[in-house]
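The values are calculated or read from the model by the stated rules, or taken from the named source; none is laboratory data. Treat the numbers as computed from the prediction; the structure is a model and nothing was measured. Counting neighbours? That spans all protein chains shown, and the Cβs are built from the backbone with ideal geometry, glycine included. Only protein heavy atoms, including side chains, enter the accessible area calculation; ligands, DNA and RNA are left aside. Shrake-Rupley method; radii C 1.70, N 1.55, O 1.52, S 1.80 Å.
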Amino acid sequence: MRRTLPPSGAAALAVLLALTACSSKATGTQGADGDGPATGPGITDTTIRLGALTDLTGPYAALSTSIVNSQQLAVEQINDEGGVCGRDLEIVVRDHGYDVQRATAGYGEIAPEVAAMPQLLGAPMLAALSDDIVRDGLLTFPQSWASSLLGHREIQVPGNVYDIDLVNGVDFLLRTGRVEPGDGIGHVYLDDDYGHNAVLGSRYAAQEAGLTLVEQRVRAGESDLTGQVAALRSAGVTAILTSVGPAQLASLVGVIASSGDPVPVIGNTPSYASQLLETPVAQALEDHFFLISGAPAASSDLPGVRELVTAYQERYPGDDIDGGALSGYSTMRSLAETLATACERGDLTRAGIVEAHRSQDLVDIGLGMPMDFSDPAQPPSSDSYVLAPARGADGGLVEVEPASTADAVADYPLPTH
């Protein structure tokens with residue numbers, strides 16, 4: 001099944017309205033008129049309820065807010081276009097503050113009442129809840145890009161994964177002459193599931209390229225990385241990879257810049273927030289930092305991205321838009337396509353939704369992130385964009401290189417279940 005969907009407009013309306021008339025039957029609970037699709041939790045005759053567990057008050061609040069906003073925007077557009085299967089979409093959002101216990105409690109509260117989850121942010125939260133998600137048969141998009149989440153039909157990583165991003169990042173450093181075989185490179189990463197997954201990619205890439213990797217761990221909540229930078233400088237590294245949060249990145253690039261002998265810094269998507277360009281480290285970020293991302297910059301000239309940015313800024317005037325907004329919006333539009341396919345098949349049960357999702361071998365909504373959802377053991381994409389901070393650009397980023405996949409990725413052993 002090859003589908004190409006615009007982010008909004010008449011073509012999307014035609015697709016979704018065509019599917020609202022679906023009436024084939026399947027085993028399960030029928031609608032009130034006895035002639036609709038089989039349904040499960042979160043589905044009424046008028047509404048499809050979806051769930052989001054996210055971090056609106058913790059270390060990834062900026063990223064999470066962008067994702068929540070963009071998904072709400074997508075829902076409003078879809079409902080204005082006629083909804084899905086004759087029903088409006090509704091999102092129930094719960095804030096876990098990047099706390100596993102709060103996330104577990106929030107999941108227990110909303111999981112019985114939703115048909116799918118287009119957002120569950122945080123690798124530690126997914127690690128704690130993955131067994132429950134699989135048991136409940138609940139299609140869930142983590143908004144966490146750890147390859148350790150691969151291998152479950154019910155869990156869909158929404159793009160490239162942390163470790164492959166860094167394989168692509170090391171390839172960028174080598175191709176552009178910023179490092180050479182035999183050099184030492186550093187990797188500063190959080191001592192959690194996110195960081196542990198990312199370092200698998202840097203270890204593999206360093207070994208394949210003949211580089212020496214010097215690792216430095218960061219504790220959750222640690223905000224002064226002077227010691228880590230000193231250790232890397234002592235080791236003579238020529239570049240640094242980062243899998244941290246924005247607060248740690250600010251400290252890292254600030255300390256590096258003050259040394260008078262800065263080196264390039266490559267970061268995974270959660271490392272960066274455009275709000276950092278309003279801090280004293282803005283110039284250091286523009287001069288030395290690169291973001292490796294499965295999503296293009298919000299400043300991209302792709303027509304779909306420009307349309308989304310315009311709609312987002314109209315809906316949320318004054319709010320920043322970033323890669324999280326692109327990923328969140330893409331996820332919601334993809335989930336709407338899944339729900340429409342399930343309706344067409346006459347099965348809106350949780351099992352029917354999962355089966356419809358895995359039937360899609362390519363979904364492209366025009367945001368520069370085509371996804372293949374058919375194989376649970378593989379990320380839906382292995383491409384990474386190389387982006388750079390830029391004050392005044394939409395989302396605070398501009399494109400350095402278009403999306404591509406390094407040759408070394410072909411032999412990378414994914415840590416799947």
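Taking only protein heavy atoms and a 1.4 Å probe, the accessible area of the chain is 49% carbon and sulfur.
The stretch 279-323 and the stretch 90-129 have their alpha-carbon centroids 26 Å apart.
Taking every protein chain into account, the accessible area of the chain amounts to 36 square angstrom per residue (probe 1.4 Å).
Each peptide in 324-330, 98-104 gets a packing score, the mean of other Cβ atoms within 10 Å over its residues, and the list from highest to lowest is 324-330, 98-104. Could you estimate the translational diffusion coefficient of the stretch 54-122 from the Stokes-Einstein equation, with Rh from the Kirkwood formula over C-alpha pairs, at 25 °C and 0.890 mPa s, in whole µm²/s? Translational diffusion coefficient: 190 µm²/s. DSSP assigns beta bridges within the chain; of those with both partners inside it, close to 25 percent run antiparallel. Between ALA205, GLY267, THR65, the Cα set farthest toward the positive side of the dipole of the chain (charges on each charged residue's Cβ, about the Cα centre) is that of ALA205.
What is the diffusion coefficient of the chain in µm²/s, taking the Kirkwood radius over Cα pairs and the Stokes-Einstein relation at 20 °C with a viscosity of 1.002 mPa s? It comes out at roughly 99 µm²/s. Against the chain, whose longest principal axis comes from its Cα atoms, helix 193-209 is set at around 60 degrees.
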